[in-house]
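A quick write-up on the structure given underneath.
The values are calculated or read from the model by the stated rules, or taken from the named source; none is laboratory data. Just so it is clear, the structure is predicted and the values come from calculations on it, not from any experiment. Every residue, glycine among them, receives a Cβ derived from its backbone with ideal geometry; neighbour counts consider all protein chains shown. The area values use the complete protein model at the heavy-atom level, side chains included, leaving out ligands, DNA and RNA. Shrake-Rupley method; radii C 1.70, N 1.55, O 1.52, S 1.80 Å.
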Amino acid sequence: MKRILATVLTIVLLIVSASAQINVDTSWFVKDNRQIYSLVVQQNDKIIYNHYFNGKTNADLFNNQSLTKSVMSLLIGIAIDKGYITSVDEKIVKYLPELAKDTDKRKQGITIRQIMNQASGLWHEDLTRMDKYFALDNPSDYALNAPLVSEPDKVFHYNNAATHILSVILTKATGMSTLAFGNKYLFGPLDIKNVKWGKMKDGYYDGCGLLSVQMATTDMTRIMSLLLHEGNYNGKSVVSSKWINQLLHPTIFYNTPWGFEGSTYALCFYHYTYKDIPITYALGWGGQFSFVIPGKNAVVSVNESIADATAIKASVLFLNRIFPLVFNGLNR
């Protein structure tokens with residue numbers, strides 16, 4: 001059955017790559033993959049595949065999980081472009097002055113980059129006990145006040161609790177909520193009109209993806225396509241080319257166990273070389289992906305179920321079985 005599925009999807013994608021619009025019988029896919037909701041492929045600024053599964057449609061807003069981190073990365077870059085934040089190497093104590101009173105003076109040296117690199121040393125929640133983190137009245141303060149779990153800048157700890165603090169910093173730096181800032185400077189300029197974003201109990205919009213930014217898969221694809229065009233959309237700059245270059249070519253990065261085996265992580269994005277072609281991608285729990293492939297001028301985005309029982313299986317299936325077929329179906 002797996003061989004049959006692979007063959008059918010290969011044929012479908014080869015046809016799609018030659019035509020921007022095509023009707024495809026996806027009954028086979030629904031039958032054998034209950035986790036997938038959407039798959040959108042854009043190449044040369046045209047959507048060449050846009051299909052939905054298991055009852056979903058292009059009107060649905062999908063729970064992007066930790067793709068939220070990558071959206072936050074773009075918002076931080078825009079805030080730097082506009083002078084609200086000096087640089088990614090600015091110390092977070094500027095926006096969180098309470099850290100100056102902490103007995104552990106190492107916290108005063110933590111930078112925005114270190115948080116975005118998952119290497120701040122700040123407390124990170126036990127992923128097996130998410131209910132504990134969600135129950136906190138002030139999760140950002142708790143993460144800041146708890147003892148460091150490692151020396152800042154030394155150890156990669158995938159860290160939702162610390163990444164959420166990016167939303168706190170953005171709000172304090174700009175005087176706007178994260179969603180308001182996003183609507184004004186990212187979603188609005190990209191003509192993205194339908195976005196939902198959950199708030200944590202501290203009153204700040206979730207900066208890490210536990211409650212998540214939700215939008216259509218085509219809209220996430222549009223956001224990620226900024227990395228193909230030096231931050232421009234329809235001829236206008238949304239994010240500076242300087243920030244986009246930092247995202248695509250980070251100078252400080254860490255090995256990560258997530259995603260493609262051998263991937264690195266920096267500034268809330270993953271990096272991998274697939275068949276000798278560099279890929280920068282966003283990843284979220286349950287198989288939420290958005291791959292930016294500059295060598296093919298393409299973006300591939302997928303949304304899947306976030307159910308814990310199928311989350312890892314869905315991610316592995318997409319990376320190992322479906323993505324290779326999509327990649328091979330792209331035009332040279």
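Below are the figures for this structure:
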read-out: Coil-residue trypsin sites (Lys or Arg not before Pro) of region 70-139, DSSP, other Cβ within 10 Å capped at 14; value: K82
read-out: Global form of region 208-332, assessed from the alpha-carbon gyration tensor, a/c cut-off 1.5; value: rounded
read-out: Accessible-area composition of the chain, carbon plus sulfur, in percent [1.4 Å probe]; value: 51 percent
read-out: Cut-off under 5 Å, modelled amide H: who pairs with Y274 long-range; value: I279
read-out: Under the span-like rule (Cα at least 20 Å along the axis, Kyte-Doolittle mean at least 0.5), DSSP H helices of the chain; value: 2-16, 67-81
read-out: Per residue, in Å², the accessible surface of region 26-153 once ligands and nucleic acids are set aside, probe 1.4 Å; value: 42 Å²
read-out: Highest-MSF residue in the chain out of K275, K199, K154 [GNM, Cα springs under 10 Å]; value: K275
read-out: Filtered chymotrypsin sites (Phe, Trp or Tyr not before Pro), region 204-275: DSSP coil and at most 12 other beta carbons within 10 Å; value: none
read-out: Option label - Cα extents along the principal axes in Å computed here, alternatives (1) 106, 38, 33; (2) 62, 44, 36; (3) 62, 45, 40; value: (2)
read-out: Under 5 Å, built H, 5+ apart or other chain: amide partners of I47; value: none
read-out: Gyration tensor verdict on region 214-253 (Cα atoms; rounded if a/c is under 1.5, prolate if a/b is larger than b/c, oblate otherwise); value: oblate
read-out: In Hz, Karplus ³J(HN,Hα) per residue of region 151-160 (6.51, -1.76, 1.60; θ = phi - 60°; x = Gly, Pro); value: 5, x, 6, 9, 10, 7, 10, 4, 9, 5
read-out: Straight-distance crosslink candidates among aspartates and glutamates, where the alpha carbon sits under 20 Å from K46 and sequence neighbours closer than 8 are dropped; value: D191, D219, E230
read-out: Under 13 Å, Cβ to Cβ, from C208 - net charge with Lys/Arg +1 and Asp/Glu -1; value: -1
read-out: Entries of K132/K193; K193/K275; K236/K275; K107/K201; K154/K193; K91/K193 with Cα pairs more than 29 Å apart; value: K132/K193; K193/K275; K236/K275; K154/K193; K91/K193
read-out: Per residue value of the accessible surface for region 200-332 (all protein chains in place, 1.4 Å probe), Å²; value: 40 Å²
read-out: Cα-based shape type of region 181-261, given that a ≥ b ≥ c are square roots of the gyration tensor eigenvalues and the cut on a/c is 1.5; value: oblate
read-out: Ellipticity estimate at 222 nm from DSSP helix runs (n ≥ 4, -39,500 (n - 2.57)) divided over the chain, nearest 500; value: -8500 deg cm²/dmol
